Structure formats: structure tokens, C-alpha cells
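The structure under discussion appears below in the form of C-alpha cells.
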Amino acid sequence: MDIQLKRGLLDVCVLAAIKDEASYGYKIIKDLNPYVALSESTLYTILKRLEAANMLTVRTAEHGGRLRKYYRITPEGSKRIEEFKEEWNEILAIYRFVTKEGSDYDKA
Amino acid sequence: MTKLDFIMTLHKKLSDLPQEEVEERLRFYTEMIEDRMEEGIPEEEAVAAVGSVDEIAAQIQAEVSAVKTQKEPNKKQRKGGQIALLILGSPLWVPLLIAAFAVGLSLYVSLWSVIISFWAAFGSMVACGVAGLVASIGMALGGDPMSSLALAGASAVCLGLAIFLFFGCKALTDATVRLTAKLFQRRKKEEAK
């Protein structure tokens with residue numbers, strides 16, 4: 001996939017992974033694995049960026065005798081997902097136009 | 001590589017970076033390794049899955065130094081600020097500078113007037129001495145040897161004092177001329193820069 005396109009998509013992917021319930025680092029990677037390969041370092045950068053943009057909050061909780069960080073989506077994060085859906089409706093329209101078979105002006 | 005090896009190697013590689021940032025990232029990676037191990041993935045595999053130590057270290061170094069350079073103050077901005085302050089403060093230091101220069105100038109002028117008055121004293125001493133001598137000769141010729149002698153003596157004293165004054169004035173004048181030359185040399189040097 002084009003790298004620029006991928007970069008924009010990954011942020012929303014991570015948000016989608018936590019949109020229904022709070023999740024933690026490794027689980028996010030597992031959930032997204034069927035769709036996109038995400039490395040630990042990439043995920044760290046994305047989580048930092050989303051936190052700085054107030055799209056998620058971080059909470060440390062105890063799990064199995066050690067500490068684990070849980071990420072929860074915020075209203076701003078949910079809004080970003082909605083914006084993404086609208087953007088892609090437009091992109092779908094363009095896609096249909098680009099892949100349309102035969103155009104009217106060909107018929108002379 | 002074991003989990004401990006992983007952490008310690010990264011610690012060593014990143015020892016000259018701000019430790020707070022490094023610690024935060026290391027905690028993140030450790031958590032990921034431990035989560036995989038919890039799933040049943042063997043330790044070595046879990047560590048390998050997180051990524052190569054060298055790559056991660058290079059990445060952290062790049063990211064952390066990017067944060068650092070943003071925080072450093074702009075040196076150019078600081079110099080511009082200093083110049084602005086100088087201009088803003090000019091109503092203060094310009095008159096002070098002018099006053100200091102004026103005081104210096106008046107001191108210099110007074111020095112010369114003192115020297116001139118000494119030379120004047122020298123001149124009058126010479127004049128008195130010579131005049132007295134001439135008068136004493138006149139008195140001698142006129143038949144008043146006593147007065148003539150007395151006047152001659154006084155004239156000789158005047159001339160003697162004049163000689164002392166001469167050397168004193170010359171010394172003072174030379175010293176002042178040398179001082180003036182030094183001041184002008186310094187100014188010429190500054191202009192030449």
C-alpha cells in the first residue's frame with residue numbers, strides 16, 4: 001500500500017480498535033493484524049500522537065502482578081472516526097468514477 | 001535474547017539521552033514482550049517479535065533528539081532581542097555616554113590650562129629675572145651698589161626658579177603629549193577595525 005495513505009489510515013485504525021472498549025498495546029496489534037501489520041514502534045508513535053490530540057486517554061492498571069496501560073477513546077476520537085467515514089464516502093464516489101466502464105463521450 | 005538482555009542493551013545504547021523519555025519507551029516495549037509471553041509465546045520469540053534492538057535504539061535516538069532540538073532556544077532570536085534592548089534603552093545610555101565623554105574632555109582641557117599657567121609662571125620668572133638684572137646694572141651704574149647687589153641677587157633667584165620651572169613644565173608637557181598620543185592611537189585602532 002502507498003505509505004502516505006497507510007500512515008493516515010493507521011491512526012484511525014487504532015482508534016477503531018479502541019472504539020467499543022478500552023484496549024491495551026498488544027491487543028490492538030492483534031486486532032488490527034488481519035487488516036494491517038503494525039510494529040510496536042509504529043504503534044507507540046501513533047498512541048503518543050493520538051494522546052497529544054486528545055483522541056484517547058491512558059490509564060495504568062494492574063494485571064497479573066504487573067502494570068499494563070489501557071487506552072480509551074475520547075469524544076474527539078469518535079468524531080475523527082465519523083470524519084473518516086465521510087471522507088471515504090467521497091473517495092468511494094471517486095473510485096466508482098475512476099473504474100466506470102465506458103464513458104458517454106467515447107460514443108461518437 | 002532474553003527480556004532482561006533486551007532492556008539492558010537498550011539502556012546502554014541510549015544512556016546519553018534524557019532518561020525519562022527512554023524509560024517510558026522501554027516500559028512500553030517490556031509490556032508488549034510480557035503480553036506475548038502471557039499468551040504462551042516463548043521469551044526469545046516474544047523479544048524477537050518486538051523488533052531488532054539496533055533498529056529500535058536507532059529509532060528512539062532519532063525521535064528523542066527531534067524533541068530535544070525543538071526545545072532549544074533560538075540563538076538568533078536571542079541576539080535580536082539583545083539588539084532590540086540596546087535600542088530601547090538608548091534614551092538611558094546615550095546621554096550617559098555623552099556626559100562621560102564631556103567630563104573626560106573637560107578634564108583634559110583643565111590639564112592643559114594648568115600646564116599653560118605653569119609655563120606662564122615660568123615666563124614671568126624669566127622676565128622678572130632679566131628685568132631685575134638689567135635694572136641692577138642700571139642701579140650700579142647710577143651709583144647705588146647696595147641696591148644693585150640686592151636686586152641682582154633677587155633676579156638671580158628668579159632666574160634659578162625659572163630654570164626649575166622650565167624642567168617641571170617640560171616634564172608635564174611631555175607627559176600630557178604622550179597621554180594624548182596614546183588616546184589617539186587607541187581611537188585610530190578602533191576605527192581601523
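The values are calculated or read from the model by the stated rules, or taken from the named source; none is laboratory data. This structure is a prediction, so every number in the text was calculated from the model and none was measured. Methodologically, a virtual Cβ is constructed for each residue, glycine included, from the backbone with ideal geometry; neighbour enumeration extends over all protein chains shown. The area values use the complete protein model at the heavy-atom level, side chains included, leaving out ligands, DNA and RNA. Shrake-Rupley method; radii C 1.70, N 1.55, O 1.52, S 1.80 Å.
See the values below:
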read-out	value
Within straight-line cross-link reach of A:LYS30, aspartates and glutamates at Cα separation under 13 Å, skipping those fewer than 8 residues along the same chain	A:GLU40, B:ASP35, B:GLU39
Cα-centred dipole magnitude for chain A, charges only on beta-carbon of K, R (+1) and D, E (-1), debye, nearest 20	580
Buried on assembly, the stretch A:41-57 (at least 40 Å² less accessible surface than by itself, 1.4 Å probe)	A:SER41, A:TYR44
Whole-number accessible area per residue in Å² for the stretch B:3-153, which is evaluated in the context of all protein chains at 1.4 Å	67
Largest-first principal axis extents of the Cα set of chain A (Å)	75, 26, 20
Pair B:THR9, B:VAL103: separation of 7 Å Cα→Cβ label points (nm)	7.1
Percent carbon-and-sulfur accessible area, the protein assembly as shown, ignoring ligands, DNA and RNA, probe 1.4 Å	64
Per-residue average of Cβ from other chains inside 10 Å of A:24-30	4
Solvent-accessible ranking of B:PHE28, A:PHE97, largest area first, probe 1.4 Å	A:PHE97, B:PHE28
Relative contact order of chain A, pairs being alpha-carbon contacts under 8 Å that are 6 or more residues apart, as %	26
Mean Kyte hydropathy of 0.0 or more with a Cα span along the axis of at least 15 Å, helices from DSSP in chain B	B:90-142, B:145-192
Other protein chain Cβ atoms within 10 Å, averaged over every residue that makes up A:60-67	2
B:MET32, B:MET8, ranked by accessible area, largest first (probe 1.4 Å)	B:MET8, B:MET32
Whole-number percent relative contact order across chain B, with pairs defined as alpha carbons under 8 Å at least 6 apart	15
Chain B: proportion of alpha-carbon pairs further apart than 22 angstrom, %	75
Per residue, the convex hull volume that the Cα atoms of the protein assembly as shown enclose (Å³)	370
Charge dipole (debye, nearest 20) of the stretch B:1-158; +1 at Cβ of Lys and Arg, -1 at Cβ of Asp and Glu	1900
Sum of -39500 (n - 2.57) over DSSP H runs of 4+, divided by residues of chain A (222 nm, nearest 500)	-18500 deg cm²/dmol
Distance in nm between pseudo-label sites at A:TRP88 and A:GLU21 (7 Å out along the Cβ direction from Cα)	2.3
Cβ-based charge dipole, chain B, positive-most Cα from B:PHE28, B:ALA131, B:PRO91	B:ALA131
Simple Cβ-charge dipole of the protein assembly as shown, Lys/Arg +1 and Asp/Glu -1, about Cα centre, in debye nearest 20	2100
For the pair A and B, total buried accessible area rounded to nearest 100 Å², probe 1.4 Å	1600
Whole-number accessible area per residue in Å² for the stretch A:25-108, which is evaluated in the context of all protein chains at 1.4 Å	70
MRE, 222 nm, helices only [DSSP H, n ≥ 4, -39500 (n - 2.57), over chain B, to nearest 500]	-31500 deg cm²/dmol
Listed residues A:PHE84, A:SER39, A:GLY64: farthest to the positive end of the dipole of the stretch A:35-88 (Cβ charges)	A:GLY64
